[in-house]
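These notes are about the structure you will find just below.
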Amino acid sequence: MTRKLHHLGAPSGLALAITLSAVGSVAHAQSADDAKRTATVGEVVVTASRTTENIQTVPAAVSALSGADLEKKEIQQVSDLQQATPSLSITSAALTQNVNIRGIGLSSGNPAVVPGVPIYLDWLLQPPIVTTNSFFDIGEVEVYRGPQGTFAGASSTGGAVFITSRSPTFTGVDGNVEVWGGNYSDIGSRGAVNLPVNDKLAFRVAYNVERRDSFFHDIGGQTTPTGGSFETPGKLNEQDLRLSMLWEPIDNLSVLLKVGLGQKDTGGYDYRPIPGTPYAQFAPIDLRTLNFDQAEKNNEHAIRNSLELKYQLKNGVTLRSVTGFQYNKVVDLYDSDASNGPPAQYEAQDVSERPITQEFNILSPDDGPLKWIAGGFYWHDSIKVGIDLDTAGQPHTFVTIFTEKSSEALFGRVQYDLTKALQLEVGGRYTHDVVDNGGQIKIGFPGLPPFVTIPNAGHYAGDNWTGKAALNYTLNDENFLYVFASKGAKAGGSNGATNFLAETVWDYEAGWKTQLFDRRLRLQLDGFYNNYSNYQVDGIIDPATGTSGTGNTKGAIIKGVELQGQGRLGGLSVDFGAAWVDSSIGAVTLTNNRLLPNGGNNLGPQCAAGVPSNPPVCFNYGPYFVSVAGRSNTYAPRWTYNIGAEYNFDLGHGATLTPRIDYSYQGSQWTTLLENSTDFLASHGLWNAHLTYAQGRYSLTGYVTNLANKTYVSGQFINDEFLGPPRQFGVRASYNF
């Protein structure tokens, strides 16, 4: 008999489909009303450990969302996940996003710095650029909080995010198509079709297209030396396509190939000068009005290819391989000061990354008291960065950066049932990281020989041992307890002339997961204490080059408590999450860039002893150093929480009406350790709502995001800030076949 292999995260076999508010199985003999009265919160399965595990018996703090959950919560892209996940903060930072969990992640645009919260799409580690594409045809999203030193060891000191798209199945031709329209001339469509050729070969095609006007009005439009055309920054023109193939040519062998293409044009960055910075005086009073004196553009392109092979031996051991190649590229041009204030300034960037991935796994059978996993991992990324920074009347700065990053690892996990209730889990990972920098910084006038050239070469190599030891106790079918100690590491790197050290963390956690009231309420509670060494911080001036880079503190302490829950009572479904996080930074001295002349640009390297400042030849940074020991970590809101509720009304004849409301809160955050008044994101809360009428294969949804039309700052980049989207509303129509 042919044995079918289920791919991790694939929706084939609905027992694997994640849903936090799905109705559990009920006997066929029950009436519809009886089923509604007795419905329970459905089982949730997660797959980040390369196996399928019930979320209620996973010894980790994890949030899981199905594709259906993403849509009903109006989670359209990665940044929206913070509206449904405690301790998660994602803020805009122009070319990249700052993704942080419990205040740990990425707050640097330096290509030599690896993120502390890696994002995986179909098991491929994603580079930090081109991460704002819309979700479409998603099977599930899993957000793991805290260091993941065994399975997501690619510098996951803060946590990890796993995104899995839907895979082909052999169950028949099916799919869906959705179209929508809303304010700001927003129109779009997404859909997918599953096409089995026979019982051994199946294809799936999914797409997403959207066009939308900007949330801003740009009253600029002067002729600029760049010769670029003026567009309204913040518009959206996106196209995405994914082709998947599942092939099972012989018994116990499966081949899953996914090829994704993405293209996005936003017309440039829609930001404003931060109040209190030099160019804020030139910003229009109306927050949704821009006045740029330089042309803007932002074009993003992505190619993602993944190949998963699985073969199950006769003894039940499974061999697995994941191979990936990606290409991401961003070309942008933007007004550096986000205003029409003199002198005119612009910056042009051309950034590309070519990551390749290879992972091998050997997985034991899933029965018996002893279960184990072994694996090897290889990742290499080639990064090219070109920057042209111009201020009228002053020398240009030309930056070229060539970075090669690689990570090689061996990892494994053993789980042994000491008794029927008590399980010991031990995992470990050895990682070797290498970062090589090349390139240079040139300061001069176009067409003339540069008079200052600073090499940007550097090399870093380091090794880390990480892992986890846990005791898991199943009290009964409804209660699961765990306690563990784990170590995570984030690779060091090179700023050019100087290196920064690897960041390490010891994480101590305890948790309780329970199901109450005949499994109508599910809760997950955890507490954590993280002790960081050589904690990496951004914004440290490298005296050798005069450029801002990454450095280390002596350490940091981060502790907190997190709670999640999902419930079902009749037609009412609720879900909620909350987190309290407290942090304290160890000893470190930084340069207060806000006080430097010319914003710290073109000042040159540190002057030799006794030599006076003479920018851009050299500058004395000493008077601008400040100690930030004891301050709160960046992007670490003390409080985050979310709650959502929906009610399913049975209208008869197969029709239902489901209203839903969601609220999420992000506490205030510092964007730098300097804690200047300008480096601050105020707290904000957001309401989303929608109303869905469904009958048979058809559904019609009216939706509103940011219901109260809250104006809030969603991120910062140097002296400029981004505003979050205003209220959006519209109607979606969908058809399932």
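DSSP beta bridges in the range 119-243, what fraction antiparallel, as a percent rounded to 5? It would help to have the intermediate numbers written out before the result.
On the way: 36 of 39 bridges.
Around 90 percent antiparallel, to the nearest 5.
Hey, what do the phi angles of the range 671-683 turn into as Karplus ³J(HN,Hα) couplings, whole Hz, using 6.51/-1.76/1.60 and θ = phi - 60°, x for Gly and Pro?
Coupling constants for the range 671-683: 9, 9, 6, 5, 6, 5, 4, 7, 9, 8, 10, 5, 5 Hz.
What FRET efficiency comes out for the pair Tyr327/Leu424, r = Cβ-Cβ distance, R0 = 41 Å, nearest 0.05?
Details: r = 43 Å, r/R0 = 1.05.
Result of the calculation: an efficiency of 0.45.
Can you give the local net charge around Asp679? Use residues other than it whose beta-carbon is closer than 15 angstrom to its beta-carbon, Lys and Arg +1, Asp and Glu -1. Before the final figure, lay out each step's value.
Numbers: positive: Arg594, Arg631; negative: Asp538, Glu675, Asp720, Glu721.
Local net charge: -2.
Placing +1 on the Cβ of each Lys and Arg and -1 on the Cβ of each Asp and Glu in the chain, which of Tyr693, Tyr529, His396 has its Cα farthest towards the positive end of the resulting dipole?
Tyr529
Quick one, can you get me the convex hull of the C-alpha atoms of the range 681-737 expressed as volume per residue in Å³?
Values: hull volume 5.4 nm³, N = 57.
Dividing the Cα hull volume of the range 681-737 by its residues yields 94 Å³.
So which lysines can Lys314 reach, going by Cα to Cα under 17 Å and dropping same-chain residues fewer than 8 places off?
In chain and number order, the partners are Lys4, Lys371.
Would you please give the residues with an amide H less than 5 Å from that of Gly549, counting only those at least 5 places away or on a separate chain, with H modeled from the backbone geometry?
Gly539, Ile540, Ile541, Asp542
What's the extension gain from Val626 to Gln77 if we count 0.36 nm per residue and subtract their Cα-Cα distance?
Working: separation 549, 0.36 × 549 = 197.64 nm, distance 3.77 nm.
Extra length from Val626 to Gln77 when fully extended: 193.9 nm.
Identify which of the listed values of P(r) over Cα pairs in 10 Å bins from 0, in percent was calculated from the structure shown: (1) 2, 9, 9, 9, 7, 6, 7, 8, 9, 7, 6, 5, 4, 4, 4, 2, 1, 0, 0; (2) 3, 11, 19, 23, 19, 13, 7, 3, 2, 1, 0; (3) 3, 14, 25, 27, 19, 9, 3, 1, 0, 0.
Recomputing P(r) over Cα pairs in 10 Å bins from 0, in percent here picks out (3).
In bins 10 Å wide, starting from 0, what share of all Cα pairs of the range 579-737 does each bin hold, as a percent?
9, 23, 22, 17, 13, 9, 5, 2, 0
What is the distance, in nm, between label points placed 7 Å from the Cα along the Cα-to-Cβ direction at Tyr529 and at Thr453?
5.5
Run the numbers for Ala608 and Asn709: contour at 0.36 nm per residue of separation, minus the present Cα-Cα distance, in nm. Write down the numbers at each step before the final one.
Numbers: separation 101, 0.36 × 101 = 36.36 nm, distance 5.38 nm.
In short, 31.0 nm is gained.
Taking the simple approach of a point 7 Å from Cα along Cα-to-Cβ for both Ser677 and Asn479, what is their distance in nm?
That separation, rounded to one decimal, is 5.3 nm.
Calculate, for Ile219 and Ile303, the FRET efficiency according to 1/(1 + (r/R0)^6) with r their C-beta to C-beta distance and R0 35 Å; round to the nearest 0.05.
So the FRET efficiency works out to roughly 0.40.
Which length gain, in nm to one decimal place, applies between Leu572 and Gln239 when the Cα-Cα distance is subtracted from 0.36 nm times their residue separation?
Working: separation 333, 0.36 × 333 = 119.88 nm, distance 3.63 nm.
Roughly 116.2 nm would be gained on extension.
What are the equivalent ellipsoid semi-axes of the range 574-668, built from the alpha-carbon gyration tensor (square roots of five times its eigenvalues), in whole angstrom, biggest first? Display every interim value, and only then the final one.
On the way: eigenvalues 619, 62, 10 Å².
Equivalent ellipsoid semi-axes, largest first: 56, 18, 7 Å.
Can you work out the PRE-style zone for Val205? Point 7 Å along Cα to Cβ, and I want the residues of the range 287-310 with backbone N under 20 Å.
Residues passing the 20 Å test: 303-306.
Since every read-out is calculated from the coordinates, none of them should be taken as a lab result. Source: prediction; values computed, not measured. Cβ coordinates were reconstructed from backbone atoms using ideal geometry, including for glycine residues, and neighbour counts include every protein chain displayed.
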